[in-house]
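Each reported figure results from applying straightforward, stated rules to the coordinates on display, with no laboratory input. Note that the structure is predicted; figures quoted are calculated from it, not measured. A quick note on method: Cβ atoms are made from the backbone with ideal geometry, for glycine too, and the neighbour counts reach across all protein chains shown.
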Amino acid sequence: MFTYTKTTWLFNLNIKRGIKMRIEKIIILTLLLAIAVTGCAKNDSAIRVLLDWTPNTNHTGLFVALEKGWFEQAGLNVTITQPPEDGALILLASGKAEFAISFQESMGPAIAKERDALPVKAIAGIISHNTSGIMSLKESGIQRPSDLCGRRFASWDTPLVTAVVRHIVEKDNGDFALVNVIPNFATDAFSALKTDVDAIWIYYAWDGIAAEVSRIEIDYIDFGTFDSRLDFYTPVLVTNSIWAEANSQTVKTFLAAVSRGYYFAIENPEEAAEILLQYAPELDRRLVARSQEFLAEHYKKDAVRWGEIDPQRWGDFYRWMFEHGLLEKDIGSGGFTNEYLP
């Protein structure tokens, strides 16, 4: 795995979207066994953080806190690791990490199970509003959801993606049956748009900014502004709820350092971008710099403090998921807490 400490990091296989579930499960089980071997030697100050994907500007606050030595000052020995695709919650729930980056939409099905619900809880919203939506090239003329009718939409082919796109198309008086949904796991959104598809779900802070940097003209449909219930929290910082209950002070100490890292990124986006690039030099420097500027205005936007999760907005999305058959039960505003925030 990619493991990041203040001075070293090890390279691991970068598992892309689209790998078959069977292979992914084998990898996750292998990792569980491998980590279990080293997990026995863990001391109380050792904190393991799992990312959701390759390092990017969503994670900058963590790397700032690591680089500035704020974890060390707090008596914590923190390592940041890149897990396999969609493996973070499973590893976290299995006690193989103390914290992970995930998404409200991914957490819902995991905590709403009638049986075997995962013991995970969100403790901070990394970005205060949903910055994901549908991107298309300007020349495609897709300016609103109903314009997707008769067009090719690249989907990750999950129940959530289908439900969200169906919802916004029908809410805009379109016929979802006319949308040509194409399972497409391309990691290069622009290559896909120029060849195989007309529209794709993106996170604006990365692919939208990439379009700006490359001076590619696009149209963008923002989920949150189109329907407030789709203004969910993505990504979020999550902990193992069982471990957290027994180590509440450690959670607060860790979160205080992380919060300090994100406030630094808000106030010093240029320097924060340089710190991220130290740990992920393979990233495009212009993209990181511009994305960091964008997120400096969005990490905390409208929130009373960085990380604060609005119970109403959190619950509205989970109620929407339940109404659309995406959750086994109505969990309302469950699955998060603001109690550990400084």
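Observations
- For the chain, the calculated P(r) over all alpha carbon pairs, in 10 Å bins from 0 to the bin holding the longest distance, is 5, 25, 35, 26, 8, 1 percent.
- Summed side-chain charge close to Val165 - residues other than Val165 whose Cβ falls under 14 Å, Lys, Arg +1, Asp, Glu -1: -4
- Counted charge near Ala177, where neighbours are those whose Cβ lies closer than 11 Å (Asp, Glu -1; Lys, Arg +1): -1
- Extended-chain gain in nm, criterion 0.36 nm per residue less alpha-carbon gap, Asp188 and Arg151: 11.4 nm
- For segment 134-184, the fraction of C-alpha pairs more than 12 angstrom apart is 60%.
- Residue of Leu160, Leu91, Leu287 that the Gaussian network model of the chain assigns the largest fluctuation, springs spanning Cα pairs under 10 Å: Leu160
- Unit charges on C-beta of K, R, D, E only; dipole of segment 218-342, Debye: 300 debye
- Backbone N atoms of segment 44-61 closer than 20 Å to the 7 Å Cα→Cβ label point of Glu274 belong to residues 56-61.
- Working from Cα pairs under 8 Å separated by at least six residues, relative contact order for segment 156-279 is 12 percent.
- Rounded tilt (10° steps) of 269-279 against the dominant C-alpha axis of the chain: 70 degrees
- Cα convex hull of segment 245-292, projected area averaged across orientations, nm²: 4.1 nm²
- Using a Förster distance of 35 Å, the FRET efficiency for Ser45-Val213 (Cβ separation, nearest 0.05): 0.30
- Listed peptides 45-53, 211-219 appear in the order 45-53, 211-219 once ranked by packing, highest mean of other Cβ atoms within 10 Å at the front.
- Segment 242-342: GluC sites (Glu not before Pro) in DSSP coil with no more than 13 other Cβ atoms inside 10 Å: Glu282, Glu297, Glu339
- Treating r as the C-beta distance of Lys329 and Asp284 and R0 as 51 Å, the FRET efficiency rounds to 0.75.
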